[in-house]
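Peer 1: Sharing a structure here in structure tokens format.
The values are calculated or read from the model by the stated rules, or taken from the named source; none is laboratory data. The model shown is predicted, which means the values in this text are computed figures rather than measured ones. Neighbour counts run over all protein chains shown; Cβ positions are idealised from the backbone, glycine included.
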Amino acid sequence: MDYAVDYAVLARAGQKAQGLGTDMSATMRDMRLDDVPFAVPGSLSASAASHIDAKWQAASDELARLLARHAAALAETAADYRRIEDTAEEAAQKFFGGIG
């Protein structure tokens, strides 16, 4: 059974995850409830909206951090595979280069 890692696919997956994280961050910011308290000042809705907005913002920030970490891990894995393959190819060339 052959096994091959396509590190270019991993690198593209990392780029895609990074783009999704960027898009997600902007979308989550647009969905905040930070204007609601100003629309209904002094009401129970205002404090509830502020509370929910704070939780929303914290969860959004955490999701953005996790997506960025995932994207970085994919990119790092792709680079590691490429580095290992390049090192193995160089070693094979040195060892077998004079044959034939």
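Peer 1: If Ile52 satisfies all but one of (1) in a loop (DSSP other than H, G, I, E, B); (2) in contact with a Leu (Cβ under 8 Å, 6 or more places away or on another chain); (3) not small (Gly, Ala, Ser), what's the number of the condition it fails?
Peer 2: (1)
Peer 1: Quick test of your reading of the structure: Leu33 fulfils all but one of (1) part of a helix (DSSP H, G or I); (2) at pLDDT below 90; (3) not aromatic (Phe, Trp, Tyr). Name the failing condition by number.
Peer 2: If we test Leu33 against (1) part of a helix (DSSP H, G or I); (2) at pLDDT below 90; (3) not aromatic (Phe, Trp, Tyr), just (1) comes out false.
Peer 1: What number of residues within region 17-41 satisfy the criterion of being touching a residue at least 12 places away in the same chain (Cβ under 8 Å) and among the charged types (D, E, K, R)? Lay out the reasoning, then the answer.
Peer 2: Going residue by residue through region 17-41, those that are touching a residue at least 12 places away in the same chain (Cβ under 8 Å) are 17-18, 20-21, 24-25, 28-29, 31-34, 36-37.
Applying the additional criterion that residues be among the charged types (D, E, K, R) yields 29, 32, 34.
Matching residues across region 17-41 total 3.
Peer 1: Filter region 65-100 for residues that are surrounded by 11 or more Cβ atoms within 10 Å (Cβ to Cβ) and aliphatic (A, V, I, L, M) and give the result.
Peer 2: Leu66, Leu67, Ala68, Ala71, Ala72, Ala73, Leu74, Ala75, Ala78, Ala79, Ile84
Peer 1: On to the next question. Would you say Ala78 is in a helix (DSSP H, G or I), under 17 Å from Ala26 (Cβ atoms) and in contact (Cβ under 8 Å) with a residue 12 or more places away in the chain? Explain how you work it out, then say what you get.
Peer 2: Working: in a helix (DSSP H, G or I): yes; under 17 Å from Ala26 (Cβ atoms): no; in contact (Cβ under 8 Å) with a residue 12 or more places away in the chain: yes.
Here the answer is no, as Ala78 does not meet what is asked.
Peer 1: Just one of the numbered conditions (1) loosely packed, with under 14 Cβ neighbours inside 10 Å; (2) assigned to a loop (DSSP other than H, G, I, E, B); (3) of a type in the set (D, E, K, R) is not true of Glu62; which one?
Peer 2: Only one criterion in (1) loosely packed, with under 14 Cβ neighbours inside 10 Å; (2) assigned to a loop (DSSP other than H, G, I, E, B); (3) of a type in the set (D, E, K, R) is unmet by Glu62, namely (2).
Peer 1: Starting from residues that are outside any helix (DSSP H, G or I) and of a type in the set (Gly, Ala, Ser), keep the ones in region 36-49 and report whichever is surrounded by the fewest Cβ atoms within 10 Å (Cβ to Cβ).
Peer 2: Gly42
Peer 1: Mind checking which residues of region 1-30 are of a type in the set (Asp, Glu) and assigned to a helix (DSSP H, G or I)?
Peer 2: Residues satisfying the conditions are Asp23, Asp30.
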